[in-house]
There are 2 protein chains.
Amino acid sequence: MAMVSIKDVAAHAGVSPGTVSNVLNRPGKVAPATRERVEAAINELGFVRHGSASTLRAGHSRTIGLSVIDIGNPFFTEVAAGVEDVASELGYAVILGNSAGSPDKEDRNLRVLAEHRVRGVLITPSGEDPARLDRLREHGISVVLVDHPAHRPDQCAVAVDDVAGGRAAVAHLLARGARSVAYVTGPMTIRQCVERREGAKAAVRAAGLDPGDLRVTEAATMTARAGEKAAADLIAAGLPEAIFCANDLLALGVLRALLRSGVRVPEDVALIGYDDIDFAAASTVSLSSMRQPTYQLGRIATELLLDECDNPDTHAHQHIMFQPELIARESTH
Amino acid sequence: MAMVSIKDVAAHAGVSPGTVSNVLNRPGKVAPATRERVEAAINELGFVRHGSASTLRAGHSRTIGLSVIDIGNPFFTEVAAGVEDVASELGYAVILGNSAGSPDKEDRNLRVLAEHRVRGVLITPSGEDPARLDRLREHGISVVLVDHPAHRPDQCAVAVDDVAGGRAAVAHLLARGARSVAYVTGPMTIRQCVERREGAKAAVRAAGLDPGDLRVTEAATMTARAGEKAAADLIAAGLPEAIFCANDLLALGVLRALLRSGVRVPEDVALIGYDDIDFAAASTVSLSSMRQPTYQLGRIATELLLDECDNPDTHAHQHIMFQPELIARESTH
DNA sequence: GCTTGGAAGTAAAACGTTTCTATAGCCGGG
DNA sequence: CCCGGCTATAGAAACGTTTTACTTCCAAGC
């Protein structure tokens, strides 16, 4: 419980607290001899700077927030890895918030981040209400959107083209000869789900079919378990020739349920997922998917955020849009 | 940038700052009428409490740290989900640190947590140096070990019996008739890897074989990619009849490499992993594994930590040891 | 020899809370 | 009518830093 403060260090080294602070923050401003004496005192006493006091006085912290929709989804894990790498390179700590798809929980998390006076927030918003994010900005907290287009011009965003992804996925299924396609999606409150559906419809239309024929099955969550349930529903209602899932977790669940029911993939039904998580390649029938530059998404978003924080004058807001890539595997052979 | 402070709220509501603080922290102590007036002022002005100031004055924060070895491993993700759920139920924020297996990085993360004056730390230590954790305790930061036995009696720990797990896994392989077994492990600096090996040796010995015959292949990281490489080495050196992998990520990599080389699983080689991550059941050949109560690990560790923080007087330190469970699937049929 | 200027360090104020002590107002009992 | 004992609130100090303005010292320039 030895609360060693900057004063103790100062006394021990025979200097004033201000000088210790200078050693910590602007070592160039203090004479080498004194600096060494102070550093020795710091080590001897086991001094650890009190971050809150520092934040309070300096008016800003070296912490950023990361709010994701589902920490159990490898997609977000990989984003988080990219974020963490950049943040720790630049000496920032990351506070993680998992909204679990609930706007309420997301709100609570954002409030916690606001109270911590984080420098900035990286968020994959689960709803479509920009007002909450604007409120953060009013408190001087920068916001960068991850896997989501910008709400406004004076804001950075890093996204992947979901309409194009949905189109490419379904075009691939149709090119294999499928005439009836089902879309298994998560909640339609999630933007990605909506846009991938729009892309899917566009592909159906482009093939000269009726986009209204795209059968949409909405699962409550984007998990493998929900995928199994969706597959059961599809089987009960009569299977289409091909299934497009809004993410790989759903697709893996669908695949498991289909195989358990004796449905052959891809012979009876072709299947494609989205995200190309590592496990897609390793699954029972290896899963076709739409690959996204996930780790890069996290890295670049963090670089943008920290640039905005550290160089507010020269910072130029950017809207970055990646293109997803089709990875064809056994499930659509 | 409107920095609304407690003083502004006080002025707006016609009370003193102390009263506003009471409304925030001990609403019972203030008359209903005044409370309402203050709450109205808070909403009207969009006041957000400055966490750093609060932490500084109160001497403690409502934040805990979580330090894991590999955030990309679904095992830790699920632990993190348990941690996050409990923490957010009790109004705590979680700062996540990913050591990526490097003790250096872990040290840096712990330093960040110490500076933030987190209330406590949950950690799956990547090395075996208790001194660093003791240093945290000296700063008044409680520590609970996750998936690791306690270093000392006055400390909580939640672990799973890795020796028993290793023994059960290899006993299962031997019961299927395998005479030669290889152990594909991560770095031997990781305790889990060592103990699972001890268990494996015990099982070999119990079967009347020479424990020295357990072939050990050490991978640099516990990832699927490292597993693929380990499998290549095994193939080059001559395959055993069965392979036990220290976790499912390694096992999935081994499986992928074996199948690609035309080795049949389980006909030519039986394979078992560890952790029973979700994807084990969904893989090409469904993977046998040792299941651990992962989510519970995170939940219980957090409950212990927060109990230690919130009720230091009545808190009783606990060492909890779960038993893993064998899940047999196709890969060991 | 006197000024000027710079380097090195000190002293004190400030950041926004929480918490302790003090005080004002009120009620009921004697 | 007064006083003890409440409750509700005010006021001020303190938490550990950072930062600004200031002092001291010394060397160089004239």
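The values are calculated or read from the model by the stated rules, or taken from the named source; none is laboratory data. Note that the structure is predicted; figures quoted are calculated from it, not measured. Using ideal geometry, Cβ is built from the backbone for each residue, glycine included, and neighbour counts are taken over all protein chains shown.
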**Prompt:** What is the number of the single condition among (1) among the hydroxyl-bearing types (Ser, Thr, Tyr); (2) in contact with a Ser or Thr (Cβ under 9 Å, 6 or more places away or on another chain); (3) surrounded by fewer than 16 Cβ atoms within 10 Å (Cβ to Cβ) that B:Ser331 does not meet?
**Reply:** (3)
**Asked** Of the residues B:Asp134, B:Asp147, which is in contact (Cβ under 8 Å) with a residue 40 or more places away in the chain and of a type in the set (D, E, K, R)?
**Response** B:Asp147
**Asked** Based on what the data block shows, is A:Ala316 among the small types (Gly, Ala, Ser) and outside any loop (DSSP other than H, G, I, E, B)?
**Response** no
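Residues of segment B:66-119 being part of a loop (DSSP other than H, G, I, E, B), among the charged types (D, E, K, R) and facing chain A (nearest Cβ under 7 Å), which ones? Write out each step before concluding.
Step one: of segment B:66-119, the residues part of a loop (DSSP other than H, G, I, E, B) are B:69-73, B:90-92, B:99-102, B:116-119.
Imposing the further condition that a residue be among the charged types (D, E, K, R) reduces the set to B:70, B:117, B:119.
Scanning segment B:66-119 gives a single hit, B:Arg117.
Among A:Thr55, A:Thr34, which is near DNA strand D (Cβ under 10 Å from one of its atoms), crowded, with 16+ Cβ neighbours inside 10 Å and not assigned by TED's automatic domain parsing to the domain that holds A:Ser99? Can you show your working first?
Working: A:Thr34 fails: near DNA strand D (Cβ under 10 Å from one of its atoms).
It is A:Thr55.
Quick check on B:Ser67: is it of a type in the set (S, T, N, Q) and either touching a Cys at 6+ places or on another chain (Cβ under 8 Å) or closer than 22 Å to A:Leu110 by Cβ (or both)?
Values: of a type in the set (S, T, N, Q): yes; either touching a Cys at 6+ places or on another chain (Cβ under 8 Å) or closer than 22 Å to A:Leu110 by Cβ (or both): no.
No.
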**Message:** Can you pull out every residue in segment A:296-321 that is surrounded by fewer than 17 Cβ atoms within 10 Å (Cβ to Cβ) and within 14 Å of the chain's Cα centre (by Cα)?
**Reply:** A:Gln296
**Pairs, first more than 9 Å from chain A (Cβ to nearest Cβ) in segment B:53-64, second among the hydroxyl-bearing types (Ser, Thr, Tyr), C-beta under 7 Å, six or more apart** = B:Ile64/B:Tyr92
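State yes or no: is B:Ala242 in contact with a Pro (Cβ under 9 Å, 6 or more places away or on another chain) and away from chain A (no Cβ under 14 Å)? It would help to see each step written out before you state the result.
On the way: in contact with a Pro (Cβ under 9 Å, 6 or more places away or on another chain): yes; away from chain A (no Cβ under 14 Å): yes.
Answer is yes for this residue.
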**Request:** Look at segment B:39-52 and say how many of its residues are within 9 Å of DNA strand D (Cβ to nearest atom) and more than 14 Å from chain A (Cβ to nearest Cβ).
**Result:** 0
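Output the residues belonging to segment B:28-54 that are in a helix (DSSP H, G or I) and within 12 Å of DNA strand C (Cβ to nearest atom).
In the first step, residues of segment B:28-54 are kept if they are in a helix (DSSP H, G or I); the result is B:28-29, B:32-45, B:51-54.
Answer for segment B:28-54, where residues must be in a helix (DSSP H, G or I) and within 12 Å of DNA strand C (Cβ to nearest atom): B:Lys29, B:Val38, B:Ile42, B:Leu45, B:Gly51, B:Ser52, B:Ala53, B:Ser54.
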**Request:** State whether the residues of segment A:261-277 include one that is assigned to a helix (DSSP H, G or I) and either under 18 Å from B:Ser283 (Cβ atoms) or away from chain B (no Cβ under 14 Å) (or both).
**Result:** no
**Message:** Checking A:Ser88 against (1) more than 10 Å from DNA strand C (Cβ to nearest atom); (2) surrounded by 21 or more Cβ atoms within 10 Å (Cβ to Cβ); (3) polar (S, T, N, Q): exactly one of these is not met. Which one?
**Reply:** (2)
**Asked** Does A:Ala251 qualify as being modelled with pLDDT under 95 and within 12 Å of chain B (Cβ to nearest Cβ)?
**Response** no
**Prompt:** Based on what the data block shows, is B:Glu106 touching a residue at least 60 places away in the same chain (Cβ under 8 Å), away from DNA strand C (no atom under 16 Å from the Cβ) and in contact with a Ser or Thr (Cβ under 8 Å, 6 or more places away or on another chain)?
**Reply:** no
